[in-house]
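See structure below.
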Amino acid sequence: MVRQENQDRFLIQRDGVYYYFRRVPKAVAHLDDRAPIARQTLKTDDLAKARAQRDILESADNVLWATMITDGKTDAAMAAYKVARARAEALSFAYRPAAEVAQLPIEDIVRRFAAISDTRTPVAAETAVLGGVEQPKVKVSEAFKVYCEEITAAEIAGKSEEQKKAWKKVKQYAVDAFIKVIGEDLPIEAITRDHAKKFHQHWAKQIAPTDGKDKKSASLGKRRMGDMSVLFKRYFAHLGDDERDNPFEGLTFNQKFKKRRLPFPIEWVRDTILKPGALAGMNDEARHMVLIAIETGARPIELRYLNEDRIKLHDKVPHILVEPSFDPDEPHEVKTVSSVRRIPLVGVALEAMKLHPKGFPRYRDTGNTLSQTVNKYLRENKLQPTGKETLYSFRHTFEDRMKEARIDDELRKILMGHSIDREMYGSGGSLKLYQEEMLKIVFPFDKSIV
């Protein structure tokens, strides 16, 4: 018998065949019927294959023992189910419940029994191969919790706490709506095509109400249906059940016309918004962020997350950097890859930014507070020509101004942070070029407005 160490941990070899051989922790020995040793043949003399199977079994036991140690704080039934799936996979079998195993072709059933025919095969391995662990019934709300805390944990790790809350809030809407429409918090495995169709019909009525009132957009219905479809698909994939039919598949909505935010008319910004005294009643940070938004086209959230490292006031071409933060203490994402960009500071934006070389701490982590503050001020002071324009509208006006000045289409996309639908060559142009083009549209201003 040869023992291996380090990368060959928990592997022993007998008569050329590798075994998983691991001592059960004393803390759970009274709960694990394999104690004192968890032992399982891997039925291979290939070290690489044995290592891969060992990794699966090691992970499974880590989950099982952690569950035992937490004394029920973790869902023991779910942990046992995951462990059973892992053990079956380690022996090269897809996990199937016992009822499904019984319906397999006879040659598949024989192969499963042959794999556990060794009298020394642990009962846990036999149970896994023959599907003896029932899949626990998990409610939709509980599955959503697993989705947020386990399945997508790595994907949202780069978001700020504010961004994580906003992300979860949007997904939560679909779950809450589904539970309300169906009338109960169903086990997720009990969702049928009829349930999914009922949810789809609910949104169809919202999108095209018979009385024409409180009409919802097709994009909203599409998002809610899509969020439920993704939750269902990824939850069962997380359990290793990739082949389960998705009852939400194909149920969606198409939107012919997408609602667009209204831009401020260019002349309105020049003659009304930038008029001395127009924004005087707004607090300094909010007012200065409005002025910077006007001359950069930056999204409000991009301005809120600016810090000293991304504000380049002393460079040859003063500019701001829009980019994600990988600082574990202050992480945040940008909307898309193309949103990462450099924007020169010109005109009133440069003067306003000079007063905030470290950014805008008042609004950095306050969600929609900036937009609410600015929009309320615009409304109360009759600074919206139609009553529908918002802080975000200045971004759309910036795009209109560039079009009117016949600024190159690709440069407009670069400055706006929009994707370019062709392979990119070169650096995209110098900051000096960006600055020169932006100076073509810069608004004149009275220094008193800063």
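Each reported figure results from applying straightforward, stated rules to the coordinates on display, with no laboratory input. Here the structure is a predicted model, which is why all the values come from computation and not from measurement. Every residue, glycine as well, gets a Cβ built from its backbone with ideal geometry; the counts of neighbours run over all protein chains shown.
Give me the distance between the Cα centres of region 134-178 and region 274-306, rounded to whole Å. The two parts, judged by their Cα centres, are 34 Å apart.
Too long at a 28 Å Cα-Cα cut-off: which of K403/K432; K139/K164; K164/K198; K139/K197; K165/K354? Those over the limit are K164/K198; K165/K354. Projected over every direction and averaged, the convex hull enclosing the alpha-carbon atoms of region 266-449 yields 10.7 nm².
For the chain, the longest principal axis of the C-alpha atoms and the axis of helix 393-404 are separated by about 70°.
Counting Lys and Arg as +1 and Asp and Glu as -1 over every other residue whose Cβ lies under 14 Å from the Cβ of G277, the net charge comes to +2.
Taking the longest Cα principal axis of the chain as reference, the axis of helix 76-90 is set at about 70 degrees. Charging the Cβ of each Asp and Glu at -1 and of each Lys and Arg at +1, and nothing else, the dipole of region 125-192 about its Cα centre rounds to 400 debye. Both radii come from the Cα set of the chain: Rg as radius of gyration, Rh as Kirkwood radius; their ratio Rg/Rh reads 1.11.
Charges were assigned to the Cβ only: +1 to each Lys and Arg, -1 to each Asp and Glu. The resulting dipole of region 140-238 about its Cα centre is roughly 500 debye. For region 2-129, the Kirkwood radius over C-alpha pairs fed into Stokes-Einstein at 4 °C and 1.567 mPa s yields D = 85 µm² per second. Angle, helix 218-238 long axis vs. longest principal axis of the chain, Cα atoms, 0 to 90°, nearest 10? The two axes meet at around 30 degrees.
GNM remark for the chain: springs join alpha carbons under 10 Å apart, and the peak mean-square fluctuation among S217, S338, S430 falls on S430. Centre-to-centre separation between the Cα atoms of region 317-396 and those of region 224-239: 34 Å.
Its convex hull of Cα atoms gives region 202-269 a direction-averaged projected area, equal to a quarter of the hull surface, of 7.6 nm².
Any idea what diffusion coefficient region 212-342 gets from Stokes-Einstein, in µm²/s, Kirkwood Rh on alpha carbon pairs, 20 °C, 1.002 mPa s? Once the numbers are plugged in, D ends up at 110 µm²/s. Each of E107 and R9 was given a label point 7 Å from its Cα along the Cα-to-Cβ line. The distance between the two points is 4.0 nm.
Extent along the principal axes, Cα only, for region 159-200: 38, 18, 15 Å, with the longest axis given first.
Pairwise alpha-carbon distances in region 140-238 exceed 15 Å for 64% of all pairs. Between the beta carbons of V317 and A77, assuming R0 = 45 Å, the FRET efficiency works out to 0.15 to the nearest 0.05. FRET efficiency for the K197 to K168 pair, using the beta carbon distance and R₀ = 35 Å, is estimated at 0.85.
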